[in-house]
1. Using each residue's phi in region A:151-165, evaluate 6.51 cos²θ - 1.76 cosθ + 1.60 at θ = phi - 60° and report the 3J(HN,Hα) Karplus result to the nearest Hz, with x for Gly and Pro.
2. Please give the direction-averaged projected area of the C-alpha convex hull for chain B, in square nanometres with one decimal.
3. At q = 0.12, 0.15, 0.16 Å⁻¹, work out log10 I(q)/I(0) for the protein assembly as shown with the Debye formula, treating every Cα as an identical point scatterer and leaving solvent out; two decimals please.
4. Each residue of region B:28-41 in order: what ³J(HN,Hα) in whole Hz does its phi give by Karplus 6.51 cos²θ - 1.76 cosθ + 1.60, θ = phi - 60°, with x for Gly and Pro?
5. Can you work out ³J(HN,Hα) from phi for every residue in region A:27-32, in order, using Karplus 6.51 cos²θ - 1.76 cosθ + 1.60 and θ = phi - 60°, giving whole Hz and x for Gly and Pro?
6. Please identify the GluC sites (Glu not before Pro) of region A:49-132 that satisfy two criteria: DSSP loop assignment and at most 11 other Cβ atoms within 10 Å. Which are they?
7. Where the Cα atoms of region A:130-221 are projected onto their three principal axes, how long is each span, largest first, in whole Å?
8. Pairs of alpha-carbon atoms within less than 8 angstrom and 6+ residues apart define the contacts here; what relative contact order does region A:77-221 have, in percent?
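Nothing in this text is a laboratory measurement; each read-out follows from the coordinates by a stated rule. None of these values were measured; they are calculated from a predicted model. Note: ideal-geometry Cβ built from the backbone for every residue, glycine included; neighbour counts use all protein chains shown.
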Amino acid sequence: MAKVPIVQNILAANDGVAQEVQDTLAAHKIRSLNIMSSAGAGKTTLLERTIKRLNGRLRIGVIEGDVETTNDADRIAAVGAPTVQIITQGNCHLEANMVRAALAALDLEQIDLLCIENVGNLVCPANWSLGEDSRVVVVSTTEGDDKPAKYPHMFAVSEVMVINKIDLLPYVDYDMGAVKRFARAVNPNLLIFELSCRTGEGLDAWCDWLVSIAAPDPITR
Amino acid sequence: MHELAIAEQIVNVVMTQVEAHQVKHVSSVRIQVGDAMGIVTDSLTFSFEMIARFTPELDGAHLEIEKVPYLAKCRRCKQDFIVKQFILQCPICEQWEADIVSGTEFRVLDMETG
């Protein structure tokens, strides 16, 4: 019997690959988002509307993560953005090595902002860094307004929260004050956008923020 | 379900050491998990011990988990407090600005051979 010291971060392997992804993106002056939500909150619709609205202002590339099918990548391709679909075949979250492999299929010279749409899940993706600049968690008014209280880790590690489907507020028992209170309780610095992908309300503020973080520098390009 | 993926990462870290030190068998692995990591430790233990059964060098190995409390320090009153349910509010002065002191640890500490 002997004790062998190890002292190594458990997620070091993933974090190392995430760093590689970040370095690759930085070399191409690409900003990146890891977009997470429960299934059905509207991640893909948000991307479709965002890509259409920012056409000509920002070149957006998308990596789609799903357990099965290429449905989401097909939707993104239909609005004209370069897309790669990752099919995780059961895995409940994306890991950095999947993103690294997906990057090879994108022309990085043609992208200002890379949006990585994670698998619909408010638990597992929170632990796996993908090399992104910011984490965005999307919630919607058809879910419970206590999502941030029930899944606090996801909201604690995100920089941005998008509240989608605000056009449905007259028809659902969703307390906007409560969701923001719960979210800020675990993350006082959270940046919050309220919008409706269906009506377009609030999309301008979201798109302006994306442009502010990712628009190409006119001097260097 | 991500506890299974995390257990695989722990096995990978341990197996690298097993090969480096030419260890024949590991009886236990000790890890440190902070409460801010949102890890279900029972699931992690179950997943690790299941993978270990299929790995000759780890067959029967136990996972020992050392938990680290999620602590924050209030920027106003400078008091350390335990963060409950991830709520970063100082229980003394009710200020919302606090810096995390501990709870994000997530590492393999050592392994017992034999």
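1. Karplus values, whole Hz, x for Gly and Pro: 10, x, 4, 4, 6, 6, 9, 8, 9, 9, 10, 10, 9, 9, 6.
2. Over every viewing direction, the Cα hull of chain B projects on average to 7.7 nm².
3. The Debye formula, applied to the Cα set alone, gives -0.92, -1.27, -1.36.
4. My calculation for region B:28-41 gives 7, 10, 10, 10, 10, 10, x, 5, 7, 7, x, 9, 8, 5 Hz in order.
5. Karplus-based 3J(HN,Hα) across region A:27-32 equals 4, 9, 6, 9, 8, 9 Hz.
6. Of the GluC sites (Glu not before Pro), the ones in loops of region A:49-132 whose Cβ has at most 11 other Cβ atoms within 10 Å are A:Glu68.
7. Principal axes ranked by extent give 49, 30, 20 Å for the Cα atoms.
8. Contact order relative to length: 19 percent.
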